[in-house]
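The values are calculated or read from the model by the stated rules, or taken from the named source; none is laboratory data. For clarity, every value in this text was computed on a predicted model and none was experimentally measured. Cβ placement follows ideal geometry from the backbone for every residue including glycine, while neighbour counts extend to all protein chains displayed.
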Amino acid sequence: MRTDTSRARSGWRRPPGADDSGITLIEVVIGIGLTGGVVAAIMGSLFTVIRASDQNEDATKVQAVVGGATDQLVAVEWEACPDGSASYSNAAQSAAGRVGWDASSVTVVDVDYWSAASDSWVETCSGAATPGSVDALQRITINVTSPDAALSKSFDVVKSDTRAFEAGGA
């Protein structure tokens, strides 16, 4: 009868009831693969949330600039025919600085004038507008664009000369 002398010499013996079971290499590889898949899915979701947060922040800033530009346009003095004048543009563009954006993100797209004769907005200033008259109404179209150009909003502000009203004229 032959015995394994190497085990007998080292004094190592397998405990009673023990077997050779354990984690095999294939089980480790499958476990790592599954863990990697779960981590990749979580990271994808995290990047989506971050991107949505950035877009929401830009949308909030666009709205803040819209509100600021409206306030600035209301505060600036009315001009009879502001074509070529920078006062309306400068007033609207000053709102971009409030959120740290360049002034070029705000543009005055158009100024239309109310014509009582045609009962509509017209593109050319007749020069006949008198303070406090219905012909003194102006529709100023403003465009606000985020620095990355991903979001843009256009809006109109109707402006009138209120000096006649303040003096008690109407």
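Annotations for the structure displayed:
- Residue in the stretch 29-58 that is nearest to residue 104 (Cα to Cα), counting only those that are at pLDDT below 90 and surrounded by 11 or more Cβ atoms within 10 Å (Cβ to Cβ): 58
- Residue list for the stretch 131-170, restricted to those being modelled with pLDDT of 65 or more and in a loop (DSSP other than H, G, I, E, B): 133, 137, 146, 147, 148, 149, 150, 151, 160, 161, 162
- Each residue in the stretch 73-103 was checked for being part of a loop (DSSP other than H, G, I, E, B) and modelled with pLDDT under 90, and 11 pass.
- Top-ranked residue in the stretch 96-119 [being of a type in the set (Gly, Ala, Ser), surrounded by 11 or more Cβ atoms within 10 Å (Cβ to Cβ) and under 14 Å from the mean Cα position of the chain (by Cα); ranked as farthest from residue 143 (Cα to Cα)]: 96
- Hey, residue 70 modelled with pLDDT of 90 or more, in a helix (DSSP H, G or I), under 14 Å from the mean Cα position of the chain (by Cα) and closer than 20 Å to residue 153 by Cβ or not: no
- Of all residue pairs spaced 6 or more apart or on separate chains, those with beta-carbon atoms under 9 Å, a first member in the stretch 31-53 that is among the small types (Gly, Ala, Ser) and a second member that is surrounded by fewer than 10 Cβ atoms within 10 Å (Cβ to Cβ) are 31/23.
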